[in-house]
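Notes for the one structure printed next.
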Amino acid sequence: MSNLAGRLYIVATPIGNLDDVTLRAIEVLRSVDRILAEDTRHSRRLLDHLGIARPMLSLHEHNEVDATQRIIGHLTAGESLALVSDAGTPLISDPGFPLVRACREQGIAVIPVPGPSALVAALSVAGLPTDRFRFEGFLPRRQQARRAHLEALLRETATLVFYEASHRILESLHDLVEVFGGRRVAVLARELTKRHETVRSAPLAELLEWVEADDNQRKGEFVVLLAGAEAGGDARSIEVDDLLSVLLEELPVKQAVGLAARISGGKKNLLYRRALEMTKG
Ligand code: SAM
């Protein structure tokens, strides 16, 4: 069955610089019967640049469950297909998982054509340990869910990696400082492989100040990397809420916040807001 069926190639494409496409990706994109793309108009620009004209089908997060059955039909009829996303490696915070799972369940060959991914590009230049890392993709949009999500990661010792969009980078950095404290070292990797590529490593509080002070540092696409907690736990991995609640039992709000800021390295105004929420609660 599987050698009669077509093949599905999962093809990585550039994350900015159009030259970052492999020779094999070009060859595969040129030879398949159809190209499945997250946004056909977007991918056509890359294909035009490469001089490739193949029929296209769209596969995006809103149609991927329905489209999967249709695509399986093409594959079982013997067609070879290539899946690309808007940028980087498909399935990495991008559509394709239901399709790949369905193909594997049905014995249809799924073949990787590896290449760029913002995750690996950022890790390779961040200067943080890469022997163990934990990819968290995009954080939840709503602040309450985002903070709860971050709090659950507080004691993670592996390097943490997040994707973030320009309109939420500031909010996310605020929450990172609040949860992890301003002293935890982080790296902001912005616009990798593009004209305004910027990679900056600093304690979280400093990164936040820098991004707050310069609009340009909020533009484009981001990978945020965070040093893991020290194994066994140290002062930097104290949960800010725990710290504040102990101090608030003994001291007036202002003093508790001042001490919490010194111990955790967090920003006073954020800690003050949190202290007020806690004392009201
Ligand atoms: N599949 C892609 C990959 O392999 O990296 C990721 C797709 S995800 C929808 C888009 C997110 O990836 C962006 O919001 C950003 O967080 C990150 N990203 C993509 N390109 C980037 C770049 N050139 N520089 C920094 N981050 C990038």
When you go through L29, L91, L8 one by one, which is the residue that is in a loop (DSSP other than H, G, I, E, B) and among the hydrophobic types (A, V, I, L, M, F, W, C)?
-> L91
Please give the strands (runs of 3 or more DSSP E) falling wholly within segment 109-213 in which 2 or more residues are of a type in the set (G, A, S) and open to solvent by less than 50 Å² (accessible area, probe 1.4 Å).
-> 185-190
Per-region count, segment 147-175, residues free of Cβ contacts under 8 Å to residues at least 60 places away in the same chain and over 20 Å from A189 (Cβ atoms) = 4
Scanning segment 185-203 residue by residue, those more than 16 Å from the ligand (Cβ to nearest atom) and touching a residue at least 60 places away in the same chain (Cβ under 8 Å) turn out to be P203
What about A67, is it of a type in the set (G, A, S), free of Cβ contacts under 8 Å to residues at least 60 places away in the same chain, in contact with a Leu (Cβ under 6 Å, 6 or more places away or on another chain) and open to solvent by less than 90 Å² (accessible area, probe 1.4 Å)?
-> yes
Test: S93 is within 11 Å of the ligand (Cβ to nearest atom), on the phi > 0 side of the Ramachandran plot and surrounded by 14 or more Cβ atoms within 10 Å (Cβ to Cβ) = yes
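The values are calculated or read from the model by the stated rules, or taken from the named source; none is laboratory data. Keep in mind the model is a prediction, meaning the values are calculated, not measured. Quick reminder, even Gly has a Cβ in these numbers, built from the backbone with ideal geometry, and neighbours come from all protein chains shown. Ligands, DNA and RNA are excluded from the accessible area calculation, which covers all protein heavy atoms including side chains. Shrake-Rupley method; radii C 1.70, N 1.55, O 1.52, S 1.80 Å.
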